[in-house]
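K.L.:
Once you've had a glance at the structure underneath, I'll fire off some questions.
The values are calculated or read from the model by the stated rules, or taken from the named source; none is laboratory data. Fair warning: this is a prediction, and the values are worked out from it, not measured in the lab. When we count neighbours, we look across all protein chains shown, and the Cβ atoms used for this are built from the backbone with ideal geometry, even at glycine. Heads up: the accessible areas ignore ligands, DNA and RNA and are worked out on the full protein's heavy atoms, side chains in. Shrake-Rupley method; radii C 1.70, N 1.55, O 1.52, S 1.80 Å.
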Amino acid sequence: MRRPQLRPVGMIAVAVTLCMAQAAARAETVVLEHFTLIDGKGSAPQRDRSLVMVDGRITQVGPASRIRAPRGAKRENLRGAFLMPGLIDAHVHLGLVDGIDQNFTKYYDRDNIEQQLKLYAAYGVTSVYTLGTDGDDIHRVIADQRRIGRIDSARAFTSGRGVVFKGSYGGVPGLEQSVATPAEAQAMVQREVAKGDDFVKLWVDDEFGDLADRMPNSISKPTIDTAHQLGKKAVAHIFYHDNATALVGQDVDGFMHQVRDRAVDPALPAAMKAKDAWQVASTLSREASFTYKLLPFVDEPFFSRGVAPATIAALKSPERQQRLATGKHFAKYPAALRNASANFGAMAKAGVTYGMGTDSGPTARFPGYFAHWELELMVKAGVTPLQALTAATGTNARFLDARDIGTVEKGKWADLLVLDRDPTADIRNTRAIRTVYVAGRKLPTIWQTCVGRPANACGEAPK
């Protein structure tokens, strides 16, 4: 009798091993060697480190002498360079502008969102938190990013449509997001979280008293409570000290601007620490930008490569400068900046947890560039370069429990910024960008970018 053809267990094991070996051979393996590591956790820079990334994730990182390059891996010697996590900007707005013309109805679409995410990445900003002025296109962008994993732009996290008290400050024209009652606030939060919001935003402000009302406690509290019931954090736009104090009492999770009307009382940072309320963003670059008729960096290559010549011409327009100088609130902005800077320094000294965010994206607040300006202003306000960098990487990732980003560690996405100079010695060295990686993919840097012109029109990057 003919016996049935049985495959020996050993042969099966050999076949499985061969398949695994073939899969490993197809994996994209890159080794970056001999750099100084700034890990995003606040550790002092670590010399002569190396890492291995496989299919966009870090599989090894440590002293170069202990890293074993897998056979067939692509190797790159980064001796003399500084490697850190990509920056995370915790306060941006996407898709609102073309140049400096802002119009949600006209410009907000997927193409504009994705173009801006690529520009953020060119500046080494590999993740952004977009704050309350998004239409539904953002959810499709984010869903695709998370499905794909190995993307070619900055990652996005969103608070969708933020909650605005009807007739008060907040939001953008063309996007309905106002509420008049607690029930409407609760329903809006439920509706937005169901779409996939990562967190919830609300606005409490009156535009220097121009508007009759700020969002009352009867609206802000159910907004925050509903977010928490749905497992989401709630963050607030604030301007005034009294609103910040009240919101901490309502268990808000963080502020996306700094108190700007006066110096903070010691009781406020003490309450924030007790309640674990974060100063996620202080937006010092936003406040600074409002103090200028003409932004001081319009001719810097690090800025001008990222905007079209028509945008620079519009910024330099005498008509625009005159309009800004004669604006109703122009004279108030320097004091707001001084208060914001002093209050950020006071909160940092008091031990309040702080991140980095710019409020870039609306007109004349430029994606990517403002993150580097923000870091510089944070250092001027009293923190060290290493503290500012940690805020902009590991700390920002922790706020949304984004466990795959923010630090250079095994298992995380290789979202990396490689610099030619030490940013812990001089924070302006974050501009010395050599390479940007998102999920292990090299992306064009700002020094390889020339918006609105032929690729060779911007000249060579500085040595």
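K.L.:
Checking Ile138 against (1) open to solvent by less than 40 Å² (accessible area, probe 1.4 Å); (2) under 26 Å from Leu375 (Cα atoms); (3) in contact with a Ser or Thr (Cβ under 9 Å, 6 or more places away or on another chain): exactly one of these is not met. Which one?
P.N.:
So the condition that Ile138 fails would be (2).
K.L.:
To continue, here is another question. Among the numbered criteria (1) closer than 30 Å to Lys233 by Cβ; (2) open to solvent by less than 30 Å² (accessible area, probe 1.4 Å); (3) over 26 Å from the mean Cα position of the chain (by Cα), which single criterion is violated by Val259?
P.N.:
(3)
K.L.:
Something else: Scan the range 68-112 for residues that are under 19 Å from Ser127 (Cβ atoms) and open to solvent by 70 Å² or more (accessible area, probe 1.4 Å) and report the count.
P.N.:
Adding up the residues that qualify gives 1.
K.L.:
So which residues in the range 162-205 are of a type in the set (Asp, Glu) and under 22 Å from Gln229 (Cβ atoms), if there are any at all?
P.N.:
Glu184, Glu192, Asp197, Asp198
K.L.:
Kindly indicate whether Thr363 is more than 26 Å from Thr245 (Cα to Cα) and open to solvent by 40 Å² or more (accessible area, probe 1.4 Å).
P.N.:
yes
K.L.:
Has the range 204-219 got any residue that is surrounded by fewer than 23 Cβ atoms within 10 Å (Cβ to Cβ) and in a helix (DSSP H, G or I)?
P.N.:
yes
K.L.:
Give the residue that is farthest from Ala81 (Cα to Cα), with candidates limited to residues of the range 28-38 that are open to solvent by less than 50 Å² (accessible area, probe 1.4 Å) and out of contact with any helix residue (DSSP H, G or I) (no Cβ under 8 Å at 6 or more places or on another chain).
P.N.:
Thr29
K.L.:
Also, quick follow-up: Could you look through the range 296-328, keep only residues that are of a type in the set (Asp, Glu) and closer than 28 Å to Thr449 by Cα, and pick out the one that is least open to solvent (accessible area, probe 1.4 Å)?
P.N.:
Glu300
K.L.:
A follow-up question, please. Got a sec? Which of Arg71, Arg57 is more than 26 Å from Ile151 (Cβ to Cβ) and out of contact with any helix residue (DSSP H, G or I) (no Cβ under 6 Å at 6 or more places or on another chain)?
P.N.:
Just a single option satisfies the conditions, and that option is Arg71.
K.L.:
Sticking with this structure for a sec: Here's a check for you: in the range 54-67, which residue that is of a type in the set (Gly, Ala, Ser) and open to solvent by less than 70 Å² (accessible area, probe 1.4 Å) is farthest from Tyr129 (Cα to Cα)?
P.N.:
Ala64
K.L.:
Also, quick follow-up: Considering the range 231-241 alone, what residues qualify as being closer than 16 Å to Tyr129 by Cβ and open to solvent by 30 Å² or more (accessible area, probe 1.4 Å)?
P.N.:
Passing the criteria: Lys232, Lys233.
K.L.:
Right, next: Just checking, which of Thr395, Thr384, Thr424, Thr449 is within 30 Å of Ala350 (Cα to Cα) and in contact with a Gly (Cβ under 7 Å, 6 or more places away or on another chain)?
P.N.:
Criteria check complete, one pass: Thr395.
K.L.:
Exactly one condition in (1) assigned to a helix (DSSP H, G or I); (2) open to solvent by 30 Å² or more (accessible area, probe 1.4 Å) is not met by Lys293; state its number.
P.N.:
Condition not satisfied by Lys293: (1).
K.L.:
Would you please list the contacts, defined by Cβ atoms under 7 Å and residues six or more apart or on different chains, that run from a residue in the range 369-395 that is under 20 Å from Ser304 (Cβ atoms) to a residue that is open to solvent by 30 Å² or more (accessible area, probe 1.4 Å)?
P.N.:
Glu376/Arg428
K.L.:
Separate question: So for the range 179-192 (the condition being closer than 24 Å to Gly357 by Cβ and open to solvent by 20 Å² or more (accessible area, probe 1.4 Å)), does at least one residue qualify?
P.N.:
No, every residue in the range 179-192 fails to be closer than 24 Å to Gly357 by Cβ and open to solvent by 20 Å² or more (accessible area, probe 1.4 Å).
K.L.:
What residue, of Ala274, Ala244, is modelled with pLDDT of 95 or more, out of contact with any His (no Cβ under 9 Å at 6 or more places or on another chain), in a helix (DSSP H, G or I) and crowded, with 21+ Cβ neighbours inside 10 Å? Spell out the reasoning first.
P.N.:
On the way: Ala274 fails: crowded, with 21+ Cβ neighbours inside 10 Å.
Of the residues listed, the single one that is modelled with pLDDT of 95 or more, out of contact with any His (no Cβ under 9 Å at 6 or more places or on another chain), in a helix (DSSP H, G or I) and crowded, with 21+ Cβ neighbours inside 10 Å is Ala244.
K.L.:
Still on this structure: Out of Thr283, Thr311, Thr326, report the one residue that is without any contact (Cβ under 8 Å) to a residue 12 or more places away in the chain and among the hydroxyl-bearing types (Ser, Thr, Tyr). Walk me through how you get there before you give the answer.
P.N.:
Numbers: Thr283 fails: without any contact (Cβ under 8 Å) to a residue 12 or more places away in the chain; Thr311 fails: without any contact (Cβ under 8 Å) to a residue 12 or more places away in the chain.
The match here is Thr326.
K.L.:
Cβ-Cβ below 8 Å, separation at least six or inter-chain, first residue in the range 436-451 and in contact (Cβ under 8 Å) with a residue 12 or more places away in the chain and open to solvent by less than 30 Å² (accessible area, probe 1.4 Å), second part of a strand (DSSP E or B) and among the basic types (Lys, Arg): which pairs?
P.N.:
Short answer, once both residue conditions are applied: Val436/Lys442; Val438/Arg155; Ala439/Arg57; Gly440/Arg57; Thr445/Arg434.
K.L.:
Then there is this: Please indicate, with yes or no, whether at least one residue in the range 120-129 is in contact with a Pro (Cβ under 7 Å, 6 or more places away or on another chain) and either surrounded by 15 or more Cβ atoms within 10 Å (Cβ to Cβ) or without any contact (Cβ under 8 Å) to a residue 24 or more places away in the chain (or both).
P.N.:
yes
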